[in-house]
Every structure is written in C-alpha cells, then in structure tokens.
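These notes are about the structure you will find just below.
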C-alpha cells in the first residue's frame, strides 16, 4: 500500500511510531503533485524547498506529541504565509509576498503540520467554483471535464486526488461543503466561533469559518481538534453537551441514536427556481434510508418561506466584496464578476446593509427555532452533479449569481445562522460521480454530526472509493 492510500490518521500514527519520517511523507506528496496536478489545478504555488526544510525542523523536535506532527498540509490561497506569494486568486495581488503569516497558518505550524504550498481558489473566494484568471481551473479528479466547486476547490482536489492527506479550507457560504460534494470528500463547517482564526479578508456578518476537508470522518475530526487546540482564546472550546474529549473520539466511536429532521426547503426558493436533480434526490433518499435502518428517528421539517432572504444575503455578499482592500487602479485588473460585485458593494448605502444585517439576524433566530427539536437536519448538499468547467457565465454578474444559487441552494443559510454542518459523499452515480448530502447540527453540535457521519461511513464505505488515477 502506498503512503497516500493510508488515512491521515494512519499516516500520523506511522509518523509517531517512526515507521515513516516527515521528509519521506513530504517527498511522496511532492512527487504526487508533480505527477498529477497539471491536469487537476489543485495548487497555485508549490514550495518544495520550504517543505523539505520544514520537515527537517519538525523531525528534530524533542516531542512528537503535536496534533499534526509531520503531516503534510497546504494553505488555501486566501491565507497569508510569510515569504510565500499569496494571490487571493486575483491578478490584483499576483505579486504579493506577505511579511507576516495569518493566525490560521501559525496554528497549523504550531500543530506540527508541513505546508507544501498554496491551493487554488477563486478571486477573493467570492465564487462557489474555482475558475480564476491567475491559475488553471480546479477540476474534480472523478472527471476532469467538471469543476471542483469552490471556494476551497484546490484544497478539495488535492485531498481527493491523493496530493494531500487532508486539508483546511474556509467556508463563507458553502466553500468547504460545495467542493467536498463535488470531489467525494467529507467537508466539515464548524459552528461560528468554534475556531477563532479566520481566513483571508474580514468576514462581514461572521459568515466565514475555517473547516476541514478529508476522505474520512475521523480525518476531518483530527484536523478540527488540531485547529481548536492551537488557539489561545477561552471561547475556542467544545460544546457544553460534549464531554467526550477530542472530537476525534466522537468520529471514531460513531455512537448514539438521534432525532433527525429531513428537509428540502431552501430560503432561495421564493426568488429563484430551485430544482432537486435526480442524482441529488437519490443521495438524499439513500441517506434517509440508511439513517432509518440505523435506528434514528426521522421526521420531515419544512420551515416557512423566506421571501426576504435573497435580497438580504445578496446585499451582504456584495458589501463583503466592496470591502476588499484594493489600491488605486487595481479594480481594472479584477475579473468581470468580481469587478461587478465590488462596484455594487461599494455603492451600497449603509442603511441598506444595516437593514440586510438586521433581517438576517432575525432569520437566524427563526431557523434555529424550527431546527431546535432535532439533533441534526438532513438536507441535500448540492442540487445537481458537479458542473462542467466553463458552465458559469464569467461576464454577466446577475446570471452568474443565479447559476450559483441553482447549484448550491442549501449551503449559504447555514453560514448565516452559524450552525455546524457536514457534507458526506453517500452516493455515486452510474457515471461514477460522487453525490453528497448535508447534515446540519445544533449550535455547538459537531460531535453529533461526526457520530452520524461515522455511522453512515461504516455502512456505505465511501472511504474505499477512489477517483481514476488514484
């Protein structure tokens, strides 16, 4: 068995036991990247010399107890690492080499991880697909004619193709769960505030949170624990109801019987035509059957229509784009979609943004109240199979926005309400494409999501599925 065929947890165990050295693992993944990434677009920058030097430093550490000791990783190209070009997916930042690292990078370094470079992302992470003008598109390794989603598209491709054991991404409207669904991975978006360090530019309305992409539920939990333990803030703690120690314990045990809501409601449905595709419906029905067979209680849940959601979320999305720090003349170097977003966002009256934020705060309370009777709510992850590269209109902002909503109508509201969610690759189409479902938890309920995910993983065995060229 080759090293990349081991789970991240197994690789970490081999490192700690001395069966694998950090440098050996780094060299293995650097060779995989050199061999495979030209067709996939996972990385925008690879740093082999820095990775080898870092491996030597990690190996000389007096203790191997660090949470990710010797495990290769990478930084999403929205996160600054000192001395490494950080483009934020944009031509306007193509030559930026930061002098200081973002806190998320420091946390991963303190955990003993070894960065191999920067992973692909759309411009400023604003889109739900990864096709920028500074790098080739990120393609799902299951069919390279199709996109990998975004904005953590490069990170997802790297893990799905065996170029990394697992990866950290960020999620402001589905940016972990969307690419996880398109590449057959587990994608975990934690509760708001669970991991204090963010990623990239400031997050308006607290939408963006770091999270994890992995091939197994346990690997996703392993990274979550590392991100939490690396913080110095008192509020980076576990949920009050979870007393089982590390979240990895919940993922490994996979215990419990829970009350699960089943929901296909989307707050976008009053403003856009939302259609649950056949493959997405098959994934949802499969997950529901398996959860029922496992003894969980299932009940349909249907929140009331939310006709104000589209306008409110759109205002916040555009205002967030408007606050991107751009020097004079830099706007002209932006891609058409981003230029449109930035222009509209900067022109948005403060009173309109204030109304949108107030509306979304009330929406948060309504959704949490409706979901409160359930330990988790089962929903579709995506509405369709992964979209072809070039499917999105790069010139017409309005049409592009509608396309993104049609593909991802169930992700953004989870960021608005701050709940944890996990994308799970339960189904595979006749063409071999992965299809996922999403479980949305209670505030601080990551342990329940991991337990349910582990139970489904044991029954369905998605960790044994691999894309071509694996």
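Rule-based calculations on the coordinates, nothing more; no lab input. The model shown is predicted, which means the values in this text are computed figures rather than measured ones. With ideal geometry, Cβ positions are generated from the backbone for all residues, glycine too; neighbour counts draw on all protein chains shown.
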Checklist entry - Could you give the length gained on full extension between residue 429 and residue 354, defined as 0.36 nm per residue of separation minus the Cα-Cα distance, in nm? => result 22.6 nm
Next on the checklist: How far apart, in nanometres, would the label points at residue 96 and residue 327 be if each is projected 7 angstrom from Cα along the Cα-to-Cβ direction?
Outcome noted: 1.1
Checklist entry - So what does the Cα-only Debye profile of the stretch 389-452 read at q = 0.23 Å⁻¹, as log10 I(q)/I(0), no solvent term? => result -0.99
Checklist entry - Rounded, prolate or oblate: which fits the stretch 1-152 when a ≥ b ≥ c are the square roots of the eigenvalues of the alpha-carbon gyration tensor, with rounded for a/c under 1.5 and prolate only if a/b beats b/c? => result oblate
Checklist entry - Where does each of 387-396, 83-92 land if you order them by average Cβ count within 10 Å, highest first? => result 83-92, 387-396
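Averaged over every viewing direction, what's the projected area of the C-alpha convex hull for the stretch 322-393? Give it in nm², one decimal, please.
On the way: hull surface 32.3 nm².
Mean orientational projected area (the stretch 322-393, Cα hull): 8.1 nm².
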Checklist entry - Which order, highest average first, do 432-441, 285-294 follow once you tally other Cβ atoms within 10 Å for each residue and take the mean per peptide? => result 432-441, 285-294
Next on the checklist: Run the paramagnetic zone check for residue 391: 7 angstrom along Cα to Cβ, then residues of the stretch 165-194 with backbone nitrogen under 17 Å.
Outcome noted: 174-185
Checklist entry - Ranked from highest to lowest mean number of other Cβ atoms within 10 Å per residue, what is the order of the peptides 205-216, 113-124? => result 113-124, 205-216
Checklist entry - For the chain, what is the calculated [θ] at 222 nm in deg cm²/dmol (nearest 500), taking -39500 (n - 2.57) for each run of four or more DSSP H residues and dividing by its residue count? => result -11500 deg cm²/dmol
Item to check | Considering only the chain, percent of DSSP beta bridges that pair antiparallel, nearest 5 | outcome: 70
Item to check | Point-to-point label distance, residue 17-residue 257, nm (Cα→Cβ direction, 7 Å offset) | outcome: 3.6
Item to check | Calculated FRET value between residue 275 and residue 300, using beta carbons and R₀ = 22 Å, to 0.05 | outcome: 0.70
Item to check | Length gained when the stretch residue 402-residue 50 is fully extended (0.36 nm per residue, less Cα-Cα span) | outcome: 122.6 nm
